[in-house]
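The structure appears right after this line, and notes come after that.
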Amino acid sequence: MSLMQVRGLSEPRPRPTETRSVSALSIGQSARGLRHTITLDGELDLATALDLYASVAPLVYESEAREIELDLSALHFLDSSGLHLILRLRTLCKEHGCTLLLRSPSKQVRRLLEVTGVAVPTDETD
């Protein structure tokens, strides 16, 4: 008999292993003339928003890009941080004479854009 049993205490239970989902975002880039396309695959959230900003900001500040297109067809999740970044990028582009376009938002992302009333130009042509 252990001391804990003598005192009427139960043995401490082992803690369950904590499983955390780590957000992931894959960012691809291509250019055709003055249009730069950023392809997003995964989740755009607090953990990944700065990665996207780091990919887009140099195009705005250091290139002659006239259009920056975000291909959202493989974006599975967008939270308020990601939405805020898209709005910030729209403003940044406007201030520097370029246009931010959204292409093929997934059903979930399109719904979020509609519900929040975000009006960012979309380009459905491929």
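Once you order the gyration tensor axes a ≥ b ≥ c over the Cα atoms, which shape class does the stretch 42-126 get: rounded for a/c under 1.5, otherwise prolate or oblate by comparing a/b with b/c? Prolate shape, in that a/c is at least 1.5 and a/b is the bigger ratio.
Annotation: amide H of residue 101 within the under-5 Å range of 68, 69, 70, sequence separation 5 or more or interchain, hydrogens built in the peptide plane. Here the label points at residue 64 and residue 76, each 7 Å from Cα along the C-beta direction, are separated by 4.0 nm in the simple model. Taking label positions 7 Å along the Cα-Cβ direction at both residue 51 and residue 106, the computed distance is 1.4 nm, reported to one decimal. Ranked for footprinting exposure by Cβ neighbours inside 10 Å, fewest first, 94, 107 give 107, 94. Here r is the Cβ-Cβ distance between residue 116 and residue 41 and R0 is 25 Å; the resulting FRET efficiency, rounded to 0.05, is 0.65. For the pair residue 99 and residue 84, the difference between a 0.36 nm per residue extended length and the Cα-Cα distance amounts to 3.7 nm.
No lab work stands behind these numbers, since they all come straight from the coordinates. Predicted model only: the values in this text are computed from it and were never measured. Positions of Cβ are generated from backbone atoms using ideal geometry, with glycine treated the same way; all protein chains shown enter the neighbour counts.
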